[in-house]
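In what follows, a single structure is set out as structure tokens and then discussed.
FYI, it's all coordinate maths here, none of it is from the lab. All figures in this text were calculated on a predicted structure; none of them were measured in a lab. Neighbour counts run over all protein chains shown; Cβ positions are idealised from the backbone, glycine included.
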Amino acid sequence: MKQETKRSLEMIFHKLSKHPFLSVTGFCLLLFFFGFCERTSFIDESYIFAGAVLIAIFALLILFGRIGADMKEMIVIFLTAAVFTVGGLLMIFYYDNSPALILWLSLFLLAVICALMRITDTLSARNFIILMIAAGIVLRYVYCLYTSSGDRQHDVGYFNWTWGHANYIEYWYKNGLKLPDFDVRNIWQYYHPPLHHWLMALFLRLLTTFGMQYETACQALQFLPFLWSSLSMAVVYRIFRWANLKKTPLVIAAAIVCFHPTFVLIGGFFNNDTLCVLLMLLSIMFALKWYRKPTLLNIIPIALSVGLGMMTKLSAWMVAPAIAIIFLYVFIKNIKSWLKYIGQFAVFGAISIPLGIWWQVRNLIEFKIPLTYVPYLSEQDAQYCGNMPLTERLFDFGNGQLSFVYDAFTDPNFGAPYNEYNPTIGLIKTSLFGEGQNGISDIHFPQIATTGPILFWIGVILAILCTAAFVIMMISKKSGLDGISRVFFGVLAVTMLGSYYLFCFKFPFTCTMNIRYCVPLIPLFAMGLGLLLQRFNGDSVGEKVLRYGTYVLAAAFAVMTCIVYSQLAVPVPQAAAV
């Protein structure tokens, strides 16, 4: 019986891993139809739907997974699972549709599946990562349930308003594909290329066409960034596999991404950051695939990813230098077939360049808008820090910057003790709690007064370890990567990190010091840690301390992220909030 169960579970997880993008999309759709990414959208039918889906899944697992010694035992197991399912849904219903309960009940269910797989010897690294991706999806979904278009957003504004990403989405919703006949600098955020906003407007049209109320549909748009963030986990897993990560080091690197607060936060964004990140990661994945098999068929997805990425947000250009190096290396290596590769590069350019810059070129011709236009805030703004010495901004870590572990804004609505000015500290803080004015702190969420700092310091230690590991592995010939792959990843990191710091100094405001401008650094540095763990797998005391210490650190990071981001879902009594 155990062997039959083992074979059945292996078959199920093999199918899931063979079609990761379809699997992730299907799971996200099931969650979307439960609550439209808003807990206020829960109705009685939502719970009936969830119960029916869960019970059907249990029935299929028990029946086809051969769980149970005989039919009688299988029925007992099924009824037990059904009772716990109904009980869990009733708990969520009676506790104000609590997203926190959804998260922890889901994690409990996944832990049970994990234990079952351990018993049947099917808990491989691949299968464990599939369970982690499922947990990451639920974590992102739960965050979306208590996060609306007005919570922790960036330049979104409000629907039925006059500016911001929300208004930009509404423009395309009302006007179809009619391009603006006015200078897009005149309305805040209209300068962005429109792919993300087109998709959001199309989804809004789809929802309203099927009868959803407009206000509800506007909030349900969050499903798309939630989906993009969830799909990013599957893409990152593929990148890690291309980088030859295996077994426990692969699990550790994947865990950092699955449970990283940045990917939770961007899963709730209504702006174009999340789709841009996904397309940049796809560009990296397809570039690695082409490097190993440089065919015309394999270069087209790179061109589409880069072009569509820049059509979402111009900063997607940051993957281009590293991709160009791979192109150049393969071209020189196969110089005798130069005509073949010139043809491939011509196809790449013919696809990516028009997609990537048509919007900027059109605005340059029509309204004389510079190709790289970014609106500049007033130097009179309270968050301006351009008058500070460069050395102080780079190397000052005092003045209470590490005492207040959240991104600091003195804005009256936030009330921090100072304005953040160090880009390095801002990078870490925003990666864990978001941007100050739109982020998370114990000022507005006193329930995280203890857990927030714990997550912060775990995140700091992990960030230092991952960064150091990445640098060492990109230099070391023993990393398991060939030279050109190390150069590729190194150039990616230098380009993104260099662009981030230059942006912070060109636009010296607290709001520019944000991880959202270089999110792909997180999986890159996590990969570096995985490669280091894969190299140091001996039995010396130092290697054991590094290996097991990292395991504990990564596990603590995942647990603390779940704790902090579930605490945010718990309403704070008004008296306590004051």
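Provide the gained length on full extension for the span residue 209 to residue 292, in nm with one decimal, where the gain is 0.36 nm per separating residue minus the Cα-Cα distance.
Working it through step by step, the gained length comes to 25.4 nm.
Rounded, prolate or oblate: pick one for the range 98-148, where a ≥ b ≥ c are the square roots of the eigenvalues of its C-alpha gyration tensor, a/c under 1.5 means rounded, and failing that, prolate if a/b is larger than b/c, else oblate.
Because a/c hits 1.5 or more and a/b fails to exceed b/c, the range 98-148 counts as oblate.
Please report how far the C-alpha centroid of the range 177-228 lies from that of the range 392-430, rounded to the nearest whole angstrom.
Value for the Cα centre distance between the two parts: 33 Å.
Any idea which of 52, 23, 80 is furthest toward the positive side of the dipole for the range 1-97, if Lys and Arg beta-carbons carry +1 and Asp and Glu beta-carbons -1?
23
By the scheme Lys and Arg +1, Asp and Glu -1, what is the net charge of all other residues having a beta-carbon under 14 Å from that of residue 417?
Every neighbour counted, the sum reads -3.
Give me D for the range 27-78 in µm² s⁻¹, whole number, from Stokes-Einstein with Rh from the Kirkwood sum over alpha-carbon pairs, 4 °C and 1.567 mPa s.
So the translational diffusion coefficient is about 105 µm²/s.
Give the lysines reachable from residue 293 as a straight Cα distance under 24 Å; neighbours fewer than 8 places away on the same chain don't count.
Correct list for residue 293: 18, 246, 333, 336, 340, 477, 478.
Rounded to two decimals, what is the ratio between the C-alpha radius of gyration of the range 48-199 and 2.2 N^0.38 Å?
In units of the 2.2 N^0.38 Å rule of thumb, it is 1.53.
Size of the range 239-280 along its principal axes in angstrom, Cα-based, largest extent first?
Reported extents, whole Å, longest axis first: 36, 19, 7.
From the P(r) of the range 392-512, can you give the percent of Cα pairs sitting at distances over 24 Å?
Result: 36 percent of Cα pairs exceed 24 Å.
In sequence order, what are the phi-derived ³J(HN,Hα) couplings for the range 263-279 according to the Karplus relation 6.51 cos²θ - 1.76 cosθ + 1.60 with θ = phi - 60°, rounded to whole Hz, with x for glycine and proline?
6, 6, 5, 5, x, x, 6, 9, 8, 8, 4, 5, 5, 4, 4, 4, 5
Compute from the Cα atoms of the chain the Rg and the Dmax, the latter being the longest Cα-Cα distance, and quote both in angstrom.
24.2, 76
So how do 45-52, 274-281 stack up, highest first, on mean other-Cβ count within 10 Å?
Top of the packing list down: 274-281, 45-52.
Alpha carbons only, please: Rg and Dmax for the range 181-240, in angstrom.
That works out to 15.2, 45 Å for Rg and Dmax.
Sorted by mean Cβ packing within 10 Å, highest first, what order do the peptides 148-160, 540-552 take?
Descending mean neighbour count gives 148-160, 540-552.
How are the Cα pair distances of the range 262-390 distributed, in percent, across 10 Å bins from 0?
12, 32, 28, 19, 7, 2
Residue 158: net charge of surrounding residues, Cβ under 13 Å, Lys/Arg +1, Asp/Glu -1, itself excluded?
Residues near residue 158 contribute -4 overall.
Give, as a single signed number, the net charge of other residues whose beta carbon lies under 15 Å from the beta carbon of residue 359, with Lys and Arg counted +1 and Asp and Glu -1.
+2
Within the P(r) computed for the range 420-578, what percentage of the Cα pairs occupies the region above 22 Å?
Counting every Cα pair in the range 420-578, those more than 22 Å apart make up 51 percent.
Please sort 80-93, 480-493 by packing, taking for each peptide the average over its residues of neighbouring beta carbons within 10 angstrom, highest first.
Those peptides, ordered most packed to least, come out 480-493, 80-93.
From the phi angles alone, apply the Karplus equation (6.51, -1.76, 1.60; θ = phi - 60°) to the range 166-174 and give each ³J(HN,Hα) in whole Hz, x where the residue is Gly or Pro.
Calculated HN-Hα couplings, in order: 4, 5, 5, 4, 5, 4, 6, 4, 7 Hz.
P(r) tail for the range 180-328, what percent of Cα pairs lie past 19 Å?
61
Quick one: which residues, 5 or more positions from residue 385 or on another chain, have an amide H under 5 Å from its amide H? H modelled 1.01 Å from N in the peptide plane, none for Pro or chain starts.
Counting only residues 5 or more places away or on other chains, the set is 509, 510.
Using the Karplus curve 6.51 cos²θ - 1.76 cosθ + 1.60 with θ = phi - 60°, work out ³J(HN,Hα) for each residue of the range 459-469 in order, rounded to whole Hz, and write x for Gly and Pro.
Rounded to whole hertz, the list is x, 4, 4, 5, 5, 5, 5, 5, 5, 4, 4.
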